[in-house]
Amino acid sequence: MKQRLNTEFWLRRRGLRAGAASALFRPRRCCPRHGAVGDGRFGGLHAGGNAALAAINIAYPIQILLNACALGLGIGGAVMMTFYRGCQNEVKSRQSLQLTVLLLLITGVLLSAILYISAPVLVRMLGAQGETYELAMQYIAAILAGGLLPVLGNGLNPLIRNNGKTIAATVCMSSGLIVNIILDYLFVFRMGMGLRGAALATLTAQGTVTVTALLCLGHKQFWGGSRIKDLIDLSLVKQIIQVGFSPFGQTLVPCIVIILTNYICLQYGGDDAVTVYSVISYVLASAQLLLQGIGDGTQPLLSFYHGGQGHSELRWLYQKAFFLSLTVAVFLCVSCFLFAPALTALFGISSDLFMLTETALLITALSFPFIAITRLTSAFFYATGKNRNATFLVYLEPCCLLPLFLISFSSSFGLSGIWAAYPAAQIVLCVCALVLKSPNLETVLEKTATETKIHMN
């Protein structure tokens, strides 16, 4: 009885709750999409030059939408599954997993169909014209034809991780990345298949991830033998969506910043500045993916301990993960400073832009330690039901901090100000995260929530 009341109290208290025109949509933020680097590298250099690279980047916001929905549902379901397991409610935990898989299937089919039908309009709205439009349509049509695969591939991974199979989850995602890079080389470079080859490589990689993930979850212990009508629980669906709203926004909202940043780049440096921005975007995305992985890897245990009321374990785990994230981030930052010329050369940057790109990389790398702390703290918030804090951090950066720094820094320092805007925004965001995580503030919020509950009762 006490356990049930604790669960209800937690749920009630927390409210469980994307030419010049085409250049505007080149990616910046991390998105767990296999082939982001591979398709950009091989597509840009071997599948049609600048037009092909622009086409891939034009399609990027559409892919972000698929991945955002997948991650939102996957993380939301994974958090609820682990929470109920921590509460020793295996029936509810299993139902959370099964219902999440069902939601991913429905979302993947419906969303990819809607986007496929509306793709010509969306690609035009994203600024594609002429050859870029034709290439973008080729690429996105191939991706959306198998749109269920990226949804399942990205959405199932959090479920595997929260089932205690962290190594299997890492192997799933890593296998997809390796397959994508190899097939990009074969299809685009060796076989000359162009953007269709790049899209086919991405779909094959996502298919690899999906099949591997389904095999990991395919045991009857997890999701066999249940009828669909027994899985439908609207209150649980609401909880999954509400918990997943923060990671959904973390993936989707940066599309606004992509457009704004590229627009400012065009104002102060033209197409050359946008080219530099595209390069540092890929490097930044890779670093963010690794740093996000530490938070994602820690989240299952955080959710479990939270469900089991293990407050001391929560603090201990967060502290250990904090220092691990910070260590990895400092290592990445130092590596960028040591190997900046090699990283720049990797993308085939021309000699006249080489120094500018290298400088931009060095400035951007300063943000890595702050990204690490913020991402880990955000994972802590949504793992422990503090969804308002997580959502606040997600939307504060793209909707407030980054536009503010971009506009003010670029007007004062030109291109250097554009590169410096991101580290500055991350510093402020990191401070906000640590303030929200501070023990004193947490105590005040807990006291307020308790008093509110007593008053309502």
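What to note about this one:
- Cβ-derived FRET efficiency at R0 35 Å, residue 388 paired with residue 114, nearest 0.05: 0.70
- Here each label is just a point 7 Å from Cα along the line to Cβ, and for residue 196 and residue 105 those points are 3.2 nm apart.
- In terms of its alpha-carbon gyration tensor, the range 363-411 comes out oblate; a/c meets the 1.5 threshold, while b/c is at least as large as a/b.
- Over 22 Å apart at the Cα level, from the set 165/437; 165/238; 165/386; 92/238; 92/165, are 165/437; 165/238; 165/386.
- Global form of the range 253-384, assessed from the alpha-carbon gyration tensor, a/c cut-off 1.5: prolate
- Remark: the range 315-326, residue by residue, has Karplus-estimated 3J(HN,Hα) of 5, 4, 5, 4, 5, 5, 5, 4, 5, 5, 4, 5 Hz, where x stands for each Gly or Pro and the curve is 6.51 cos²θ - 1.76 cosθ + 1.60 at θ = phi - 60°.
- Potential extension, residue 334-residue 362 segment - 0.36 nm per residue separation minus Cα distance: 9.1 nm
- Backbone geometry of the range 68-76 corresponds, through the Karplus equation with coefficients 6.51, -1.76 and 1.60 at θ = phi - 60°, to 3J(HN,Hα) couplings of 5, 4, 4, 5, x, 5, x, 5, x Hz, x marking Gly and Pro.
- The gain in end-to-end length when the residue 431 to residue 319 segment is fully stretched comes to 38.7 nm, 0.36 nm per residue minus the alpha carbon separation.
- Under the shape rule built on the C-alpha gyration tensor, where the axes satisfy a ≥ b ≥ c, the range 80-220 is oblate, since a/c reaches at least 1.5 while a/b does not exceed b/c.
Each value in this text was obtained by applying a stated rule to the coordinates, not by laboratory testing. Bear in mind the structure is a predicted one, so any value in this text is a computation, not a measurement. FYI the Cβ positions are ideal-geometry reconstructions off the backbone, even for glycines, and counts take in every protein chain you see.
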